[in-house]
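Have a look at the structure below, then the notes.
The values are calculated or read from the model by the stated rules, or taken from the named source; none is laboratory data. Keep in mind it's a predicted model, so treat the numbers as computed, not measured. Here the Cβ positions follow ideal geometry from the backbone for every residue, glycine too, while neighbour counts run over all protein chains shown. Note: areas computed on protein heavy atoms with side chains; ligands, DNA, RNA excluded. Shrake-Rupley method; radii C 1.70, N 1.55, O 1.52, S 1.80 Å.
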Amino acid sequence: MKTYILITGASQGLGKALALECATRKMNLILIALPHSGLGTLSNFIEDNFNVEVHFMELDLSATKSCYEIFNYVSDNKLQIQYLVNNAGVLSRGMFNDLSDDFVLKQIEVNVTTPTLLTKLLLDNLKGNRPASILNISSMAGFFALPKKQVYGATKAYLTSFSKSLNKELKNDGVSVTTICPGGLNTTTRLCYQNRIMGWVTRKSVLNPEEAAKIAIDSMLCRKKVIVPGFVNKCLMALDWILPEAIKDWLTIREINKFPKPI
Ligand SMILES: NC(=O)c1ccc[n+]([C@@H]2O[C@H](COP(=O)([O-])OP(=O)(O)OC[C@H]3O[C@@H](n4cnc5c(N)ncnc54)[C@H](OP(=O)(O)O)[C@@H]3O)[C@@H](O)[C@H]2O)c1
(Lines give C-alpha, C1' and ligand atoms only; values in the text may rest on other atoms or scores of the structure.)
Protein backbone atom coordinates (compact mmCIF):
# COMPACT_ATOMS: atom_id res chain seq x y z
CA MET A 1 0.00 0.00 0.00
CA LYS A 2 1.28 3.48 -0.91
CA THR A 3 1.83 5.68 2.16
CA TYR A 4 2.90 9.31 2.56
CA ILE A 5 4.79 11.64 4.85
CA LEU A 6 3.05 15.00 5.32
CA ILE A 7 5.43 17.91 6.04
CA THR A 8 4.26 21.41 6.93
CA GLY A 9 6.44 24.44 6.14
CA ALA A 10 8.25 22.52 3.40
CA SER A 11 9.10 25.40 1.05
CA GLN A 12 12.34 26.49 2.69
CA GLY A 13 14.69 26.06 5.64
CA LEU A 14 14.43 22.89 7.71
CA GLY A 15 11.13 21.84 6.09
CA LYS A 16 12.67 21.82 2.60
CA ALA A 17 15.67 19.86 3.93
CA LEU A 18 13.27 17.36 5.54
CA ALA A 19 11.39 16.97 2.24
CA LEU A 20 14.63 16.28 0.35
CA GLU A 21 15.85 13.89 3.06
CA CYS A 22 12.58 11.91 2.88
CA ALA A 23 12.61 11.89 -0.93
CA THR A 24 16.13 10.42 -0.78
CA ARG A 25 14.64 7.65 1.38
CA LYS A 26 11.96 7.06 -1.28
CA MET A 27 9.07 8.31 0.84
CA ASN A 28 6.04 9.76 -0.99
CA LEU A 29 5.38 13.34 0.09
CA ILE A 30 2.55 15.74 0.88
CA LEU A 31 4.10 19.20 1.24
CA ILE A 32 2.42 22.27 2.73
CA ALA A 33 3.51 25.94 2.75
CA LEU A 34 2.17 29.42 2.10
CA PRO A 35 1.02 30.41 -1.41
CA HIS A 36 3.74 31.77 -3.76
CA SER A 37 6.51 30.06 -1.79
CA GLY A 38 7.92 28.04 -4.70
CA LEU A 39 6.41 24.80 -3.40
CA GLY A 40 5.23 23.78 -6.89
CA THR A 41 8.74 24.10 -8.31
CA LEU A 42 10.20 22.12 -5.39
CA SER A 43 7.54 19.40 -5.78
CA ASN A 44 8.22 19.05 -9.54
CA PHE A 45 11.96 18.91 -8.88
CA ILE A 46 11.51 16.13 -6.32
CA GLU A 47 9.14 14.11 -8.54
CA ASP A 48 11.51 14.42 -11.52
CA ASN A 49 14.65 13.45 -9.62
CA PHE A 50 13.68 11.05 -6.83
CA ASN A 51 11.04 8.79 -8.35
CA VAL A 52 8.50 9.46 -5.58
CA GLU A 53 4.95 10.85 -5.66
CA VAL A 54 4.51 14.42 -4.40
CA HIS A 55 1.29 16.26 -3.55
CA PHE A 56 1.48 19.89 -2.46
CA MET A 57 -0.96 22.37 -0.95
CA GLU A 58 -0.42 26.12 -0.64
CA LEU A 59 -2.25 27.23 2.49
CA ASP A 60 -1.92 29.74 5.30
CA LEU A 61 -1.47 27.63 8.42
CA SER A 62 -2.30 30.59 10.68
CA ALA A 63 -5.95 30.02 9.67
CA THR A 64 -7.67 27.13 11.45
CA LYS A 65 -9.69 26.29 8.34
CA SER A 66 -6.44 25.28 6.56
CA CYS A 67 -6.14 22.22 8.83
CA TYR A 68 -9.64 21.12 7.75
CA GLU A 69 -8.72 21.73 4.10
CA ILE A 70 -5.70 19.43 4.51
CA PHE A 71 -7.87 16.79 6.22
CA ASN A 72 -10.48 16.99 3.41
CA TYR A 73 -7.83 16.76 0.68
CA VAL A 74 -6.25 13.71 2.33
CA SER A 75 -9.65 12.03 2.84
CA ASP A 76 -11.02 12.87 -0.65
CA ASN A 77 -7.90 11.46 -2.31
CA LYS A 78 -7.78 8.47 0.07
CA LEU A 79 -4.15 9.22 0.94
CA GLN A 80 -2.62 6.98 3.61
CA ILE A 81 -0.50 9.03 6.05
CA GLN A 82 2.21 7.05 7.84
CA TYR A 83 4.25 10.03 9.03
CA LEU A 84 3.24 13.58 10.01
CA VAL A 85 5.90 16.28 10.43
CA ASN A 86 4.75 19.46 12.16
CA ASN A 87 7.58 21.74 11.05
CA ALA A 88 6.01 25.08 10.01
CA GLY A 89 6.86 27.73 12.53
CA VAL A 90 6.96 31.48 12.97
CA LEU A 91 10.36 32.40 14.41
CA SER A 92 11.07 34.98 17.12
CA ARG A 93 11.35 38.68 16.24
CA GLY A 94 12.28 40.80 19.26
CA MET A 95 11.07 42.39 22.48
CA PHE A 96 7.47 41.57 23.48
CA ASN A 97 6.50 45.23 23.68
CA ASP A 98 7.62 45.81 20.09
CA LEU A 99 5.67 42.90 18.58
CA SER A 100 2.32 43.62 16.91
CA ASP A 101 -0.80 41.88 18.24
CA ASP A 102 -1.22 40.23 14.83
CA PHE A 103 2.30 38.81 14.89
CA VAL A 104 1.89 37.31 18.36
CA LEU A 105 -1.45 35.70 17.50
CA LYS A 106 -0.08 34.33 14.23
CA GLN A 107 2.93 32.86 16.03
CA ILE A 108 0.63 31.06 18.48
CA GLU A 109 -1.66 29.86 15.66
CA VAL A 110 1.14 28.45 13.50
CA ASN A 111 3.32 27.07 16.32
CA VAL A 112 0.63 25.77 18.69
CA THR A 113 -2.90 25.58 17.26
CA THR A 114 -2.01 24.15 13.85
CA PRO A 115 0.24 21.25 14.97
CA THR A 116 -2.30 20.35 17.66
CA LEU A 117 -5.34 20.39 15.37
CA LEU A 118 -3.57 18.73 12.44
CA THR A 119 -2.41 15.92 14.72
CA LYS A 120 -5.97 15.51 16.00
CA LEU A 121 -7.48 15.43 12.50
CA LEU A 122 -4.93 13.00 11.05
CA LEU A 123 -4.58 10.66 14.03
CA ASP A 124 -7.08 8.02 12.84
CA ASN A 125 -5.39 7.97 9.43
CA LEU A 126 -1.98 7.49 11.13
CA LYS A 127 -3.34 4.73 13.36
CA GLY A 128 -4.53 2.93 10.23
CA ASN A 129 -0.97 2.88 8.87
CA ARG A 130 0.96 1.65 11.88
CA PRO A 131 3.80 1.60 12.66
CA ALA A 132 3.30 5.35 12.18
CA SER A 133 5.07 8.38 13.61
CA ILE A 134 4.60 12.06 14.32
CA LEU A 135 7.67 14.31 14.27
CA ASN A 136 7.20 17.66 15.98
CA ILE A 137 9.83 20.34 15.37
CA SER A 138 10.25 22.15 18.65
CA SER A 139 13.31 24.15 19.78
CA MET A 140 15.89 24.36 22.56
CA ALA A 141 14.28 27.75 23.23
CA GLY A 142 11.40 25.79 24.78
CA PHE A 143 13.65 24.70 27.67
CA PHE A 144 14.79 28.20 28.69
CA ALA A 145 13.42 31.62 29.61
CA LEU A 146 14.92 33.89 26.95
CA PRO A 147 14.40 37.59 26.25
CA LYS A 148 13.42 38.29 22.61
CA LYS A 149 12.08 34.71 22.39
CA GLN A 150 9.26 34.98 24.98
CA VAL A 151 6.23 33.87 22.94
CA TYR A 152 8.31 31.69 20.61
CA GLY A 153 9.93 29.83 23.55
CA ALA A 154 6.54 29.37 25.19
CA THR A 155 5.02 27.93 22.00
CA LYS A 156 7.91 25.46 21.76
CA ALA A 157 7.60 24.52 25.47
CA TYR A 158 3.95 23.72 24.70
CA LEU A 159 4.88 21.61 21.67
CA THR A 160 7.48 19.59 23.60
CA SER A 161 5.12 18.97 26.52
CA PHE A 162 2.20 18.09 24.19
CA SER A 163 4.39 15.66 22.22
CA LYS A 164 5.76 13.90 25.31
CA SER A 165 2.29 13.36 26.75
CA LEU A 166 0.84 12.23 23.43
CA ASN A 167 3.70 9.76 22.93
CA LYS A 168 2.69 8.09 26.21
CA GLU A 169 -1.00 8.14 25.28
CA LEU A 170 -0.40 6.49 21.87
CA LYS A 171 1.92 3.76 23.14
CA ASN A 172 -0.55 0.98 22.36
CA ASP A 173 -1.76 2.47 19.07
CA GLY A 174 1.43 1.94 17.06
CA VAL A 175 1.99 5.70 16.68
CA SER A 176 5.16 7.22 18.15
CA VAL A 177 5.72 10.94 18.74
CA THR A 178 9.26 12.27 18.38
CA THR A 179 10.18 15.82 19.37
CA ILE A 180 13.31 17.42 17.99
CA CYS A 181 14.64 20.51 19.76
CA PRO A 182 17.31 22.17 17.59
CA GLY A 183 19.45 25.06 18.76
CA GLY A 184 20.52 27.48 16.04
CA LEU A 185 19.98 26.47 12.41
CA ASN A 186 21.32 28.21 9.32
CA THR A 187 17.95 28.63 7.62
CA THR A 188 16.75 32.21 6.97
CA THR A 189 19.08 34.99 5.76
CA ARG A 190 18.80 36.77 9.11
CA LEU A 191 19.66 33.60 11.05
CA CYS A 192 22.62 32.77 8.77
CA TYR A 193 23.99 36.27 9.51
CA GLN A 194 23.10 36.14 13.22
CA ASN A 195 24.75 32.74 13.63
CA ARG A 196 28.00 34.14 12.25
CA ILE A 197 28.26 37.12 14.62
CA MET A 198 27.56 35.20 17.83
CA GLY A 199 30.20 33.97 20.33
CA TRP A 200 32.36 30.91 19.67
CA VAL A 201 30.20 28.40 21.57
CA THR A 202 26.99 29.54 19.86
CA ARG A 203 28.67 29.43 16.46
CA LYS A 204 29.88 25.89 17.12
CA SER A 205 26.40 24.79 18.19
CA VAL A 206 24.72 25.83 14.91
CA LEU A 207 23.68 23.09 12.48
CA ASN A 208 22.88 23.26 8.79
CA PRO A 209 19.28 22.31 7.96
CA GLU A 210 20.47 19.21 6.05
CA GLU A 211 22.31 17.85 9.13
CA ALA A 212 19.31 18.55 11.40
CA ALA A 213 16.90 16.96 8.89
CA LYS A 214 18.88 13.72 8.76
CA ILE A 215 19.04 13.51 12.57
CA ALA A 216 15.31 14.29 12.81
CA ILE A 217 14.21 11.61 10.33
CA ASP A 218 16.58 9.00 11.81
CA SER A 219 15.19 9.79 15.28
CA MET A 220 11.60 9.58 14.09
CA LEU A 221 12.18 6.21 12.38
CA CYS A 222 13.91 4.90 15.56
CA ARG A 223 10.85 6.11 17.51
CA LYS A 224 12.94 8.26 19.86
CA LYS A 225 11.15 10.60 22.27
CA VAL A 226 12.99 13.94 22.65
CA ILE A 227 16.17 14.78 20.74
CA VAL A 228 18.50 17.76 21.06
CA PRO A 229 20.59 17.51 17.87
CA GLY A 230 24.33 18.23 17.85
CA PHE A 231 27.12 17.49 20.34
CA VAL A 232 27.60 21.11 21.50
CA ASN A 233 23.87 21.53 22.10
CA LYS A 234 23.81 18.37 24.22
CA CYS A 235 26.72 19.81 26.27
CA LEU A 236 24.82 23.11 26.68
CA MET A 237 21.82 21.19 28.02
CA ALA A 238 24.08 19.43 30.54
CA LEU A 239 25.69 22.75 31.55
CA ASP A 240 22.22 24.15 32.20
CA TRP A 241 21.95 21.74 35.15
CA ILE A 242 25.31 22.78 36.58
CA LEU A 243 25.71 26.55 36.08
CA PRO A 244 24.21 29.01 38.59
CA GLU A 245 21.25 31.09 37.31
CA ALA A 246 23.16 34.41 37.44
CA ILE A 247 25.96 33.12 35.17
CA LYS A 248 23.46 31.62 32.73
CA ASP A 249 21.55 34.92 32.59
CA TRP A 250 24.76 36.88 31.96
CA LEU A 251 25.84 34.54 29.16
CA THR A 252 22.46 34.40 27.40
CA ILE A 253 21.77 38.15 27.60
CA ARG A 254 25.27 38.86 26.22
CA GLU A 255 24.48 36.63 23.21
CA ILE A 256 20.90 37.81 22.70
CA ASN A 257 21.99 41.46 22.65
CA LYS A 258 24.00 40.65 19.51
CA PHE A 259 20.83 39.71 17.56
CA PRO A 260 20.45 41.82 14.40
CA LYS A 261 17.27 43.85 13.88
CA PRO A 262 14.47 41.77 12.21
CA ILE A 263 13.96 42.40 8.47
N1 LIG B 1 16.04 28.27 12.41
C2 LIG B 1 16.32 27.97 13.66
O3 LIG B 1 17.33 28.44 14.24
C4 LIG B 1 15.44 27.03 14.42
C5 LIG B 1 15.88 26.54 15.66
C6 LIG B 1 15.07 25.69 16.37
C7 LIG B 1 13.85 25.29 15.86
N8 LIG B 1 13.44 25.78 14.65
C9 LIG B 1 12.12 25.35 14.17
O10 LIG B 1 12.27 24.70 12.91
C11 LIG B 1 11.09 24.90 12.13
C12 LIG B 1 11.48 25.42 10.76
O13 LIG B 1 12.17 26.65 10.94
P14 LIG B 1 13.05 27.32 9.78
O15 LIG B 1 14.19 27.99 10.43
O16 LIG B 1 13.26 26.34 8.69
O17 LIG B 1 12.04 28.47 9.33
P18 LIG B 1 11.80 29.14 7.90
O19 LIG B 1 13.01 29.01 7.05
O20 LIG B 1 11.23 30.49 8.19
O21 LIG B 1 10.67 28.18 7.31
C22 LIG B 1 9.44 28.14 7.94
C23 LIG B 1 8.52 27.31 7.10
O24 LIG B 1 7.22 27.40 7.69
C25 LIG B 1 6.34 27.91 6.72
N26 LIG B 1 5.35 28.79 7.30
C27 LIG B 1 5.54 29.83 8.14
N28 LIG B 1 4.36 30.43 8.39
C29 LIG B 1 3.42 29.75 7.69
C30 LIG B 1 2.03 29.89 7.51
N31 LIG B 1 1.34 30.85 8.13
N32 LIG B 1 1.39 29.03 6.70
C33 LIG B 1 2.07 28.06 6.04
N34 LIG B 1 3.39 27.87 6.16
C35 LIG B 1 4.06 28.71 6.97
C36 LIG B 1 7.17 28.68 5.74
O37 LIG B 1 6.48 28.75 4.50
P38 LIG B 1 6.77 29.97 3.46
O39 LIG B 1 8.08 29.68 2.81
O40 LIG B 1 5.64 29.84 2.55
O41 LIG B 1 6.81 31.24 4.27
C42 LIG B 1 8.43 27.82 5.69
O43 LIG B 1 8.26 26.76 4.80
C44 LIG B 1 10.21 25.88 12.92
O45 LIG B 1 9.21 25.18 13.62
C46 LIG B 1 11.18 26.52 13.88
O47 LIG B 1 10.55 26.97 15.04
C48 LIG B 1 14.21 26.62 13.92
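Considering only residues that are among the hydroxyl-bearing types (Ser, Thr, Tyr) and open to solvent by 40 Å² or more (accessible area, probe 1.4 Å), which ones fall in the range 8-36? Hit for the range 8-36 is THR24, nothing else.
Filtering the range 182-204 to residues that are in a loop (DSSP other than H, G, I, E, B), surrounded by 14 or more Cβ atoms within 10 Å (Cβ to Cβ) and either more than 16 Å from the chain's Cα centre (by Cα) or away from the ligand (no atom under 11 Å from the Cβ) (or both) leaves only MET198. Looking across THR178, THR114, THR155, THR160, one residue alone is more than 9 Å from the ligand (Cβ to nearest atom) and part of a helix (DSSP H, G or I). It is THR160.
For every residue, the table says whether it meets (1) within 16 Å of the ligand (Cβ to nearest atom); (2) β-branched (Val, Ile, Thr); (3) over 22 Å from the mean Cα position of the chain (by Cα); (4) closer than 24 Å to LYS106 by Cβ.
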{"position": "LEU29", "(1), (2), (3), (4)": "yes, no, no, no"}
{"position": "PRO35", "(1), (2), (3), (4)": "yes, no, no, yes"}
{"position": "SER43", "(1), (2), (3), (4)": "yes, no, no, no"}
{"position": "PHE50", "(1), (2), (3), (4)": "no, no, yes, no"}
{"position": "HIS55", "(1), (2), (3), (4)": "yes, no, no, no"}
{"position": "LEU61", "(1), (2), (3), (4)": "yes, no, no, yes"}
{"position": "SER66", "(1), (2), (3), (4)": "yes, no, no, yes"}
{"position": "ASN72", "(1), (2), (3), (4)": "no, no, yes, yes"}
{"position": "ASP76", "(1), (2), (3), (4)": "no, no, yes, no"}
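Looking only at residues in the range 205-232 that are in a helix (DSSP H, G or I) and touching a strand residue (DSSP E or B) at 6+ places or on another chain (Cβ under 8 Å), which one is farthest from THR188 (Cα to Cα)? Looking at the filtered set, the residue picked out is LEU221.
Counting only helices (runs of 4 or more DSSP H) that fall entirely inside the range 11-88 and contain at least 1 residues that are without any contact (Cβ under 8 Å) to a residue 12 or more places away in the chain, the qualifying elements are 39-50, 64-76. Quick one: which residue in ASN97, ASN129 is in a helix (DSSP H, G or I) and either modelled with pLDDT of 95 or more or in contact with a Pro (Cβ under 7 Å, 6 or more places away or on another chain) (or both)? After ruling out the rest, the residue left standing is ASN97.
Between ASN77, ASN97, the distinction of being surrounded by fewer than 20 Cβ atoms within 10 Å (Cβ to Cβ) and under 25 Å from THR189 (Cα atoms) belongs to ASN97 only.
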